[in-house]
1. Just checking, does the stretch 551-563 include any residue being free of Cβ contacts under 8 Å to residues at least 40 places away in the same chain and either more than 30 Å from residue 328 (Cβ to Cβ) or in a loop (DSSP other than H, G, I, E, B) (or both)?
2. Being surrounded by fewer than 18 Cβ atoms within 10 Å (Cβ to Cβ) and within 14 Å of residue 367 (Cα to Cα) is the filter; apply it to the stretch 436-452 and report the residue that is modelled with the highest pLDDT.
3. Out of the residues in the stretch 406-416 that are loosely packed, with under 14 Cβ neighbours inside 10 Å and in a loop (DSSP other than H, G, I, E, B), state the one that is nearest to the chain's Cα centre (by Cα).
4. For the condition buried (at least 22 other Cβ atoms within 10 Å of the Cβ) and modelled with pLDDT of 75 or more, what is the one hit in 203, 177, 157?
5. Take the residues of the stretch 220-235 that are crowded, with 21+ Cβ neighbours inside 10 Å and closer than 22 Å to residue 575 by Cβ: which is modelled with the highest pLDDT?
6. For the condition in contact with a strand residue (DSSP E or B) (Cβ under 7 Å, 6 or more places away or on another chain) and either surrounded by 23 or more Cβ atoms within 10 Å (Cβ to Cβ) or part of a helix (DSSP H, G or I) (or both), what is the one hit in 602, 613, 576?
7. Do you know which residues across the stretch 51-88 are surrounded by fewer than 18 Cβ atoms within 10 Å (Cβ to Cβ), without any contact (Cβ under 8 Å) to a residue 24 or more places away in the chain and over 21 Å from residue 41 (Cβ atoms)?
8. Is it true that residue 433 is modelled with pLDDT of 90 or more, farther than 30 Å from residue 482 by Cβ and either in the same structural domain as residue 210 (by TED's automatic domain parsing) or not in a helix (DSSP H, G or I) (or both)?
């Protein structure tokens, strides 16, 4: 995001201790995303892969060892030194991690002549580390870029009424600022005077701008409409809602339970046991007088056949195949860990605007008043003509509604717009007014007011149309429900055993109407970002593994805090897309339960593969311990089991796997 300059740091003398203040100080907004090869992990992994690919054909074609040996050695060094060093650092803290174990296994394989196997293992682990580093860097970029939403400067009104331009971070509670038409609000505060409509979708997710007048609250980073506002600052910029979103995303990312594949949960005990057994198998025979070379060969054979890389590879193919299949069908799952976690969810929390709905307001009701003598088309034509010069989202919805019906929109003269009220124009010699019923009716209690109130009770935004000072009809405007929303709610209910929760910043009436249409009973409306996080944590404290589906900046903290987060990709904010664990690229909501079902099938295949791999490892280890296992046979058995479980996992690459998950709703 480069539409605004970076938010300046607070003055040196500032003394805030809130997490949000720390986020503003410590997270400068960069002007561009981190480049992949700016990360050392990516550079080393790319070098190791290139060296391995250069050595492999030479080795397989029978070239002399001096041609491919140095290339393999360089691949070992470039790909293995970082995980090896990290493993040694962990060892100093009395932790044996799989990185060090894999490096040792690779070196052991090379020591007994299996140079290719060891190099492949090194490249796999280096690439995995690079992908993790890239994902972390991209998420950090997006979190920092959120601060670009807040303007770098603001117009502060001095005590004598003069105006001065000051850095946004220099504002403090009690200051008064002027927000001109089209500007972003510089700080959280309350309107002192003026009237306008403010687009605060980044904070609350509401699809339409909200009318603001004296006494109403406004948020930093929201976009002012056509009116001017004088705002009294109520919070320092370091404690604004935007800054708190940054802090919440970072805190949730830090405190989220460690994400591990199933096999990694037994990594420590298995690794320690394997190292201890290898050392014992080497040392004890030597102490009893055995020869060095056969003893070393037997110990290395044991290390190869008992190596957890077979189990790791047994785990990854089903998950990676599921990721590839989901990607072909428009769902980007960011890692194997995420694919595994998707199958564990047992409660879903869905955003409203842009998730269950399309995020674009549409004309849903056209109600001419009986006394007007107009039909629906005539009423809509008049409203569209008056609104045609306006850029307001409601105006665009009305004009689009007329075009959808194929209506010809006549030209107008004398167009005027009043913030918070509506528009007026002359259409065919008649004065037409379109706008807020409350403002245009002036508190009247009659048929037009009753019609508008009925629409508002149903969750629509009511728009009154008047001609020559007389009301002639009312239009209802609402965000349109996605065609697959109800089916998605039903499928998620079947998958998780309970109906999803609706969590939205929109008003309670609109939320209740939509929830009734899709079959959701638990509705939580009018939520700010921190309220959504609180709702997620409340469900998780009750023992639930929560899936959050959203699309906006205001959803990002909840996406980060949830067990798993999925973002809608087409209109999703950068922050939501980077924070989420998966992205529905094509905006097909029905893909959410399908990918959850695919994940559950992948988890079942992982269990099958672990049983197969465990059986092979156990058999080979017992053979090596009780008898004499020839090294070539041990390698063949070890690699053979890997091939079998790999082929088993690749079954999820077929399109039929996606169709089966979709048709069964993941059950």
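1. No, because not a single residue in the stretch 551-563 is free of Cβ contacts under 8 Å to residues at least 40 places away in the same chain and either more than 30 Å from residue 328 (Cβ to Cβ) or in a loop (DSSP other than H, G, I, E, B) (or both).
2. 450
3. Filtering first and then ranking leaves 406.
4. 177
5. So, considering only residues that are crowded, with 21+ Cβ neighbours inside 10 Å and closer than 22 Å to residue 575 by Cβ, the one modelled with the highest pLDDT is 224.
6. Being in contact with a strand residue (DSSP E or B) (Cβ under 7 Å, 6 or more places away or on another chain) and either surrounded by 23 or more Cβ atoms within 10 Å (Cβ to Cβ) or part of a helix (DSSP H, G or I) (or both) holds for just one of 602, 613, 576, which is 576.
7. Across the stretch 51-88, the qualifying residues are 57, 58, 60, 61, 62, 63, 64, 65, 66, 67, 70.
8. yes
The values are calculated or read from the model by the stated rules, or taken from the named source; none is laboratory data. What you see is a predicted model, and the numbers here were worked out from it, not measured in a lab. In this analysis, Cβ positions are derived from the backbone assuming ideal geometry, glycine residues included, and neighbour counts consider all displayed protein chains.
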